[in-house]
């Protein structure tokens, strides 16, 4: 039998990476509305995890929670004036990072309970994500173009982390 490859996780991670590259380029070129870019970041993050939940063979509630977190923060950015006040922006990023970190810790706990070597990979991703999120939150008092640049690095970093996680998992299972 021929092994089927599941390309959706790779495609969604590449979309996140390409959005990060777009933000990195647009910070130098043209786009000045940071609120729209921030809402789009959370929508991409939420929809990416929602697609992974809907089309995955194994339904993982943590993926659905990641989707809900991303879409709730997109709605929060749309409703509340988060971007206008830099303290609210930093707090919202820290809150987002906290929610996603809890989800990553729960995933790491699952692998630890099953005595899987993926536990170390999940803990490493958790630590990288948390450190990068804290650094981003501390540097959100700059102009719009610098904020767009930071958001681009953040989006790129999230995409690479998830791409790396998926790649390691698939290599270990022997699907690639």
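Every read-out reported here was derived from the displayed coordinates using simple, explicitly stated rules and does not represent laboratory data. Quick caveat: nothing in here was measured; it's all calculated off a predicted structure.
Once you order the gyration tensor axes a ≥ b ≥ c over the Cα atoms, which shape class does segment 55-123 get: rounded for a/c under 1.5, otherwise prolate or oblate by comparing a/b with b/c?
Judged from the Cα gyration tensor, segment 55-123 comes out oblate (a/c at least 1.5, b/c at or above a/b).
On a 0 to 90° scale, report how tilted helix 8-29 is relative to the longest principal axis of the chain, with both axes built from alpha carbons and the result rounded to the nearest 10.
Helix 8-29 sits at roughly 20 degrees to that axis.
Taking the chain as the reference, fit the longest principal axis to its C-alpha atoms, fit the long axis of helix 61-79 to the helix C-alpha atoms, and give the angle between the two in degrees, 0 to 90, nearest 10.
10 degrees
GNM on the chain, C-alpha springs below 10 Å: top fluctuator among 59, 107, 115?
Judging by the Gaussian network model, the answer is 115.
Which residue fluctuates most in the GNM of the chain (Cα springs below 10 Å): 52, 120, 14?
Comparing 52, 120, 14 in a Gaussian network model of the chain, the most mobile one is 120.
Explain nothing, just the number: relative contact order of the chain, from Cα pairs under 8 Å at least 6 residues apart, as a whole percent.
After rounding, I find 36 percent.
Match the structure shown to one of the listed values (1) 1.11; (2) 1.05; (3) 1.60 of Cα Rg over 2.2 N^0.38 Å, computed from it, and give that label.
For Cα Rg over 2.2 N^0.38 Å, the calculated option is (2).
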